[in-house]
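The values are calculated or read from the model by the stated rules, or taken from the named source; none is laboratory data. Because the structure is a prediction, the values reported are computed rather than measured. Cβ: placed from backbone, ideal geometry, glycine included. Neighbour counts: every protein chain shown. Heavy atoms of the whole protein, side chains included, go into the accessibility calculation; ligands, DNA and RNA do not. Shrake-Rupley method; radii C 1.70, N 1.55, O 1.52, S 1.80 Å.
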Amino acid sequence: MEPTLRFRDHRSKNNRTIHWILLGIDLLVLSILIPTFYSSDIFDGDPVTLIVIAGMAFIFFLMPHIFLKVMQKPKWTEVDPITKSIRFMENNKILQSIPWASLQFLTYSEYRYTVKTKNGSKTITVFTVLAHQEKEKFSIAESTNYPELRLIGERIAKLIKLSIQEESGILIPYTDLDLPIHKRKIPKEIWDSEITFSPRSQLSVEKIGKESLLKSNYKPKFYLLIAVSVSFAFTLMIHFFIGSAFELSIDSWETFPPTTFQLIFLVISIGLGFIPLAYVWWNQIKKKEIQISSDTLYWNGKAYPFVEWEEILLKQNTLYLVNDHSTKTFPLQFFCETNDFVPVRNWIQKEIGKQSGRSEDLGRF
């Protein structure tokens, strides 16, 4: 019998991580304080003083954990193969129980919310597995990591024996979830479409024998401009903030050429400060191409055989090549314009189907 699957909501996962971080900080601080107190002979003094200090330290280190425990309301979902039900839990109380028999299929979804940070705000994207009934849907599991959520969704689908509906509307039976990428159904709209790219992306499609090649000469000036500005700012910060403290910055030079240490520091500050520009420049000049043969996808020359991978997914500006054990990520911000992210993913899917000998009729579902 399969064990009960439990999936915490992402906030509960974060709280658990915070507890471990706080514990690590506690141990680090104690490793400094205990030798300090010991060397000050405080342990040889009045035992009452020792008890009071130890008690205060214990309360000080314990209070954040207690505060988190009191404030949080852990939520999780249980997928129970014994009762064949899904239970929605909060603080060890069952809020709702849904029988498997009432479910029709699963889907993936997402939602976003904004949290305030020290420097402004940050948008959090949360991916979810939804279970659909006739007129309702319920979130079973969630994660801020989409590949992780996909694996969770497939695990649930195989246990409950439900299909997963893709964004295109295609229902993938749970028995087909482990099919390799070249044997999966391709949406009709991808098969029927003539895939084109924006001229600004500088993408070109070539044929090398029977293989297809998508090359990119995309060199976004926007990223280059930002990198130049950031690099100059970093260089000035490193050179003057750190250099002034040790009399190594330009305003401390008394001779020209400067001393050996001042000259070395100038080179180091420029090297460190211009890392953002070097990163952008490298991404602009390096080889950027996708090649597809009858059995393999090549990304910048590295081979990914079809039989080893199950799906190619697009989330925001990143392509994910995934299977049940690992994930490969391919950022697209230096490959093409934003409005060409979807056409690039569609081109890969269509070419995999064509190169592997799939019939277009397999996409008409």
The range 80-147: C-alpha gyration tensor shape, a/c 1.5 cut-off, then a/b vs b/c: prolate
Percent carbon-and-sulfur accessible area, the range 133-249, ignoring ligands, DNA and RNA, probe 1.4 Å: 58 percent
Reachable lysines from residue 116, criterion Cα separation under 25 angstrom, eight or more residues apart if same chain: 13, 69, 73, 75, 315
Selected from 107, 160, 143, residue furthest toward positive end of dipole (the range 75-178; charges at beta carbon): 143
For the range 101-203, accessible area per residue (1.4 Å probe, heavy atoms of protein chains only), Å²: 56 Å²
Karplus 3J(HN,Hα) series, Hz, for the range 86-101 with 6.51 cos²θ - 1.76 cosθ + 1.60 (x for Gly, Pro): 10, 10, 9, 10, 8, 6, 6, 10, 7, 7, 7, 10, 10, x, 4, 4
